[in-house]
Every structure is written in C-alpha cells, then in structure tokens.
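J.: Pasting in a structure now, in structure tokens, and then I'll have a few things to ask.
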Amino acid sequence: MTDKGPAKSAGKTPGAATDPGVLAAAAKAAELVTDGARVGLGSGRAASAFIAALAGRARRGLNIAGVPTSEASERLARSLGIPLIEIDEETLLDLTVDGADEVSPNLDLVKGRGAAFVRERIVAASSRRQVILVTPEKMVSALCANDPFPVEVIPMGAGLATRRLKALGLRPVLRQDPKAQRPVLSNNGNVIFDCWVSRPLAEPGLARTLETAVCRIPGVIDTGLFLGTAERVLVGHPDGHVEVFKRSELP
C-alpha cells in the first residue's frame, strides 16, 4: 500500500532530516496521531523528523503529550514545545514512533546502533502499538547478515558477558568512542557490545532462541533484537511515496 505525493518539510529544525523519504514517512506517521494522544518519541534521524512533524501539528492545535526514548529526543521535543510526561504505573501510550536499523520480511527489527535501545524497549512496551519509520535500504532479507546487533551490559558484568556471548557462537565487540578513547556508555550508564553472528538470522525462530539465550546472561540488560514489536513499518522512498507494511496483513 502506498501513499503518493510529496511530504511537507518539518521546517528548519537544527539537525533535521532532509532525505525526502524520511520526511515523507515522518509526515505519514504524524497523521496517525489523534487529538489527546500520548506518544512515544523514538531516537535517531527518522524519529527526529517525526518529532518535528508532530510538533508542527501541535502548533496547529493538536493536543498531545510525549515520552522521549533518549536525552537527544527529549531535548528536541522540548525545543519544539511538545509537552512531555513520564511513564508511571498507569501510563499507557497510544503509539510509539521510532526508527530501526534493519527490518526483516516478517517485520522483526534490529535497533540500537545508537545507544538508546533499552529506553526504546520500555517506551514501546508501554504503548498500544509501535510504528517504525525507515528508508528502503533498511529492509533486509535476513537480520544481521552484514552488521551486528547490540547488547547492553552492566559494566561489572562485562567480562562474564563476553565469555557467555562467545559461548553462544557470537563475536562480541565492545563499542568504543574513538574521540573520547573510552567505551561508549548508554543513556543508562552501561556498556554496549556489538555482537556479530556466525550466520544471518534468516529464521524467526533462530532470532527468538538467540534473544532468549542472550537475555539470560547475568548482567545483560537487553538486546537490540526487537522481535514481533512493530505493528506497522512505513518505508519512505526518495520520490516521496510511502509503503506501508502491517503485521496483520503479512502472509
């Protein structure tokens, strides 16, 4: 299913995306937000474009509140005047809009090649549905065929996690900040291992088995494998049209 027509620019937001596909998908996602909605605000380029598009609707009178998944998303939302709330025991978000690094044919995801995937998981789990925005190159035939997936680990558990991850057949690489010459820390103050697989995760069952095994390692907080979480994926193309893939419509 496609939506034809150019997307309107979200304005001159500092650092805003200029890719027509990203802007088109962001505009399409903003149309899904209804008055009074509570919205999870994802992280990364596509999510930032969505936040800008959503702020535009709010300036025109849409009543919304947002929950950011990262410090960067929080700063952007505040700068654009989006009211923010916190997740408490009673909070149920109407939807979360976020990006992804990879999307498989069954809409499984790899996220977190940034460093906010644990917060993204919490916000998505607090939502009725998760909407993912990507450009065509993010659609893959199998997860992790060419790139690793991330695992967040409490620093004290880094040694044990390294040994256990290797025992699962993975090649974990501690993510480093080349400028600071130290490990990258997540928004939660933990380290991140980028884990290379021995073969692509072509079968959904293989990805789920691996995720379960990794999450059982003491000290592991979460992985960037988001399996079965996306309700729909919006793929923005350079000519401005948007493909919509819904989990409910998959064969």
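The values are calculated or read from the model by the stated rules, or taken from the named source; none is laboratory data. Just so it is clear, the structure is predicted and the values come from calculations on it, not from any experiment. With ideal geometry, Cβ positions are generated from the backbone for all residues, glycine too; neighbour counts draw on all protein chains shown.
J.: If you take the residues of segment 218-248 that are closer than 30 Å to Leu174 by Cβ and part of a loop (DSSP other than H, G, I, E, B), which of them is nearest to the chain's Cα centre (by Cα)?
T.: Checked segment 218-248; the qualifying residue nearest to the chain's Cα centre (by Cα) is Gly224.
J.: Look through segment 101-148, keep the residues that are within 17 Å of Ala30 (Cα to Cα) and small (Gly, Ala, Ser), and return whichever of them is nearest to the chain's Cα centre (by Cα). Break it down into steps so the answer makes sense when it comes.
T.: Residues of segment 101-148 that are within 17 Å of Ala30 (Cα to Cα), as a first pass: 124, 127-135.
Next cut, small (Gly, Ala, Ser) only: 124, 127.
Details: Ala124: 9, Ser127: 13 Å.
Among those residues, the one meeting the criterion is Ala124.
J.: Do you know which residues across segment 61-78 are in contact (Cβ under 8 Å) with a residue 60 or more places away in the chain and assigned to a helix (DSSP H, G or I)? Please lay out each step first, then the result.
T.: First pass over segment 61-78, keeping only residues in contact (Cβ under 8 Å) with a residue 60 or more places away in the chain: 70-71, 76.
Scanning segment 61-78 gives Glu71, Leu76.
J.: Among the residues of segment 26-60, which ones are of a type in the set (A, V, I, L, M) and part of a loop (DSSP other than H, G, I, E, B)?
T.: Within segment 26-60, the first condition is being of a type in the set (A, V, I, L, M), and the residues that meet it are 26-27, 29-30, 32-33, 37, 39, 41, 46-47, 49, 51-55, 58.
Matches in segment 26-60: Leu32, Val33.
J.: Which pairs turn up if I take residues in segment 231-248 that are at positive phi and look for partners that are surrounded by fewer than 17 Cβ atoms within 10 Å (Cβ to Cβ) with beta carbon separation below 7 Å, at least 6 apart in sequence or on another chain?
T.: Pairs that qualify, where the first residue is at positive phi and the partner is surrounded by fewer than 17 Cβ atoms within 10 Å (Cβ to Cβ), are Gly240/Gly5; Gly240/Pro6.
J.: Another question about this same structure. Please specify each residue of segment 71-114 satisfying the condition of being at pLDDT below 95 and of a type in the set (S, T, N, Q).
T.: Correct list: Thr91 only.
J.: Here's another thing I want to ask about it. Restrict the check to segment 209-217 and report whether at least one residue is farther than 29 Å from Val97 by Cβ and either of a type in the set (Lys, Arg) or in a strand (DSSP E or B) (or both).
T.: Checked segment 209-217: at least one residue is farther than 29 Å from Val97 by Cβ and either of a type in the set (Lys, Arg) or in a strand (DSSP E or B) (or both).
J.: Determine whether segment 178-189 contains at least one residue that is in a helix (DSSP H, G or I) and crowded, with 16+ Cβ neighbours inside 10 Å. First the steps, then the outcome.
T.: From segment 178-189, those in a helix (DSSP H, G or I) are none; that's our starting set.
No, segment 178-189 contains no residue that is in a helix (DSSP H, G or I) and crowded, with 16+ Cβ neighbours inside 10 Å.
J.: Any idea which of Val173, Val123, Val97 is outside the structural domain of Ala49 (by TED's automatic domain parsing), outside any loop (DSSP other than H, G, I, E, B), touching a residue at least 12 places away in the same chain (Cβ under 8 Å) and β-branched (Val, Ile, Thr)? If you could, list the steps in order and put the result at the bottom.
T.: Details: Val123 fails: outside the structural domain of Ala49 (by TED's automatic domain parsing); Val97 fails: outside the structural domain of Ala49 (by TED's automatic domain parsing).
None of the other options fit; the residue is Val173.
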